[in-house]
Amino acid sequence: MSAVRVIDPGMQSSVQDLGRAGYRQMGVPTGGAFDREAHLIGSLILGNDSNDASIEMTLVGGMFQFEGDACICLSGGHAPDASLTLGERSMPVPHQRLVQAASGSVLRVGSITEGMRTHLSIAGGFTTKADLGSRSALVSTPDAGLGRSLRVGDVLPVGIPGKPSMNSIEIGIVQRVDRKIRIVPGHHMGLFNEKQIQQLGSQEFVVQMQSNRAGVRLGGTTLVGDVPGRVASVGTLPGYVQVPSDGQPIVLGVDGPVTGGYPVIACVIEADLPRVAQARPNDRLRFEWVDRNAALRVSQGKVD
Amino acid sequence: MPDFLVNWTSERSIWVEFPDAQYGTRVSCGAADLLRRRLGEQARSVVPAGPGVLVELEPELVVGNEVESLINQTARDALAGEDLEWSPRDHLIPVCYDNRVSPDLRAVAEACAMSIQELIDLHTKEVYIVESIGFSPGFGYLGSIDERLQLPRRKTPRTQVPAGSVAIAERFTAVYPFQTPGGWHLIGRSPTALFLPSDDSPCSLLRVGDRVRFHAIPYDEYNSRKSAE
């Protein structure tokens, strides 16, 4: 059986698929690839099922050795120095292309210079143990028994490859963050004043260092005036824009809490979540209010 | 005040609220169960929390006003008590209230101007309701604790709270299922496992709407039950 050995996990890497459905009412976030699109592109190129697991890497990619021949693909954030080495020979690994990796070869992903998260997909998918129906690691809570971040020496089994469907996909390298991120009115929008609502849709926010899969923290702009205090706990979803008392919004991520007591001013439309996932610390984000029905048509894939 | 509200909270979610119903009781939990059954694949998730239920929809399956109408009808039926199969479960959770495993016990008793025994009596006499689950897998917000025990959260949260810690803050009490950061006051420790993913059903000991009581166990018993796990 083929496998991949983790020589160096990089800054933070974990196995992810499309997440864990059906356990949110027990406090378990859906999780899965934060940038779903990057994961799906890898699956598509390699002929994998959409839910076959890939490795999500963050800012600095890892180093992996292949035990058995493999077909691989890097997608999502751009890692321009990615290379594959076997003995003396080394070749670059282009973005969003099928690459054959011979048994024994070593993939060095290196820095992710555009975007925040790069996926390593492999034909057949990583077949690590599934918990509650998913291989996605809940990295914030390693004791929960729902996976953990990759560590040096981990050996990840690989499934039986399907038939590659295409060699590459010619689309934009990364969901660029310079396009505005579309938001719709949130659960507690009525508690915010006109000025604050307008500010969220017009000013620039700066992504903070403390951001992770649970939430992307924003600074740079503070909502003016009093923001509503804590509210009765309500169900929350990835993309919800919470505003704590300091007036600096947090966009909940795929591992974000399933309930929360901070007022929610807006929600990022599902189609734009990959762009939130790819936002790097110090990136500047702008939001744009859109109509809920227009957002639904985008989420349904009827319009861009 | 209407009996219930149905509001879109994004292009893919609807919040159903029962303003007059008590949190975590038959109406909202029954409604959540009924919504799950009736919506089937149209709902990715149905999460009861506090005063209502959040329905996360499958966007592909949202056509016209059908889903919204079905949710309205279901909320109405839940209020009328029709087709409800839901019932709460009762849990008795052992807690060791001992300074060796309860770093804030003495400080909380002092802040509440009572003896440690009075604190334990107040914490164990109440039957709590799981009002919502969140923060971490299996972490239940149990309400409400006796008013005499209600304190604001700690100014500085701890970066690591041990698994099993029994804590209070504001009007809630909870058991931390895992070692995580936490800003509540730690008054006890329980040997009971709250979340076992290997156990597909129930996997979380607590569900929203369940009733919970705590009972005090001595330090030795805590240790032997902990090591027997």
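The values are calculated or read from the model by the stated rules, or taken from the named source; none is laboratory data. Predicted model only: the values in this text are computed from it and were never measured. Because the Cβ atoms are built from the backbone with ideal geometry, glycine has one as well, and the counts that use them run over all protein chains shown.
So for segment B:65-72 (the condition being farther than 19 Å from A:Gly27 by Cα, in contact with an Asp or Glu (Cβ under 9 Å, 6 or more places away or on another chain) and at pLDDT 95 or above), does at least one residue qualify? Checked against the condition, which is being farther than 19 Å from A:Gly27 by Cα, in contact with an Asp or Glu (Cβ under 9 Å, 6 or more places away or on another chain) and at pLDDT 95 or above, segment B:65-72 yields no hits at all.
Assessment of segment A:274-291 against the conditions (touching a residue at least 40 places away in the same chain (Cβ under 8 Å), assigned to a helix (DSSP H, G or I), within 14 Å of chain B (Cβ to nearest Cβ) and surrounded by fewer than 20 Cβ atoms within 10 Å (Cβ to Cβ)) yields no matching residue. Within segment B:60-109, the set of residues being in a helix (DSSP H, G or I), among the small types (Gly, Ala, Ser) and over 26 Å from B:Pro218 (Cα atoms) comprises B:Ser69, B:Ala75, B:Ala78, B:Ala80. None of B:Val55, B:Val46 is without any contact (Cβ under 8 Å) to a residue 40 or more places away in the chain, within 18 Å of A:Met26 (Cβ to Cβ) and not aromatic (Phe, Trp, Tyr) except B:Val46.
Scan segment B:13-32 for residues that are part of a strand (DSSP E or B) and either modelled with pLDDT under 95 or more than 8 Å from every other protein chain (Cβ to nearest Cβ) (or both) and the total you get is 3. Flag not set for B:Phe214, criterion: within 14 Å of chain A (Cβ to nearest Cβ) and in contact with a strand residue (DSSP E or B) (Cβ under 9 Å, 6 or more places away or on another chain).
The criterion of at least 3 residues that are more than 17 Å from the chain's Cα centre (by Cα) is met by the following strands (runs of 3 or more DSSP E) wholly inside segment B:134-211: B:158-161, B:185-189. Among all residues of segment B:83-90, there is none that is of a type outside the set (A, V, I, L, M, F, W, C), within 13 Å of chain A (Cβ to nearest Cβ) and either out of contact with any strand residue (DSSP E or B) (no Cβ under 8 Å at 6 or more places or on another chain) or at positive phi (or both).
Applying a threshold of 6 Å to beta carbon distances and a minimum spacing of six or more residues, or different chains, the list of pairs starting in segment B:130-149 at a residue that is touching a residue at least 24 places away in the same chain (Cβ under 8 Å) and at the interface with chain A (Cβ under 7 Å from one of its Cβ atoms) and ending at one that is among the β-branched types (Val, Ile, Thr) and in a strand (DSSP E or B) reads B:Ser132/A:Thr259; B:Gly134/A:Thr259; B:Ser136/B:Thr180. The residue list A:Leu44, A:Leu107, A:Leu84, A:Leu59 contains one member that is within 14 Å of the chain's Cα centre (by Cα) and of a type in the set (A, V, I, L, M), which is A:Leu59. Scoring B:Leu35 on the criteria (1) farther than 20 Å from A:Val258 by Cβ; (2) within 14 Å of chain A (Cβ to nearest Cβ); (3) in contact with a strand residue (DSSP E or B) (Cβ under 9 Å, 6 or more places away or on another chain) leaves a single failure, condition (1). Within segment B:112-138, the set of residues being exposed (fewer than 13 other Cβ atoms within 10 Å of the Cβ) and not β-branched (Val, Ile, Thr) comprises B:Ala113, B:Ser115, B:Gln117, B:Lys125.
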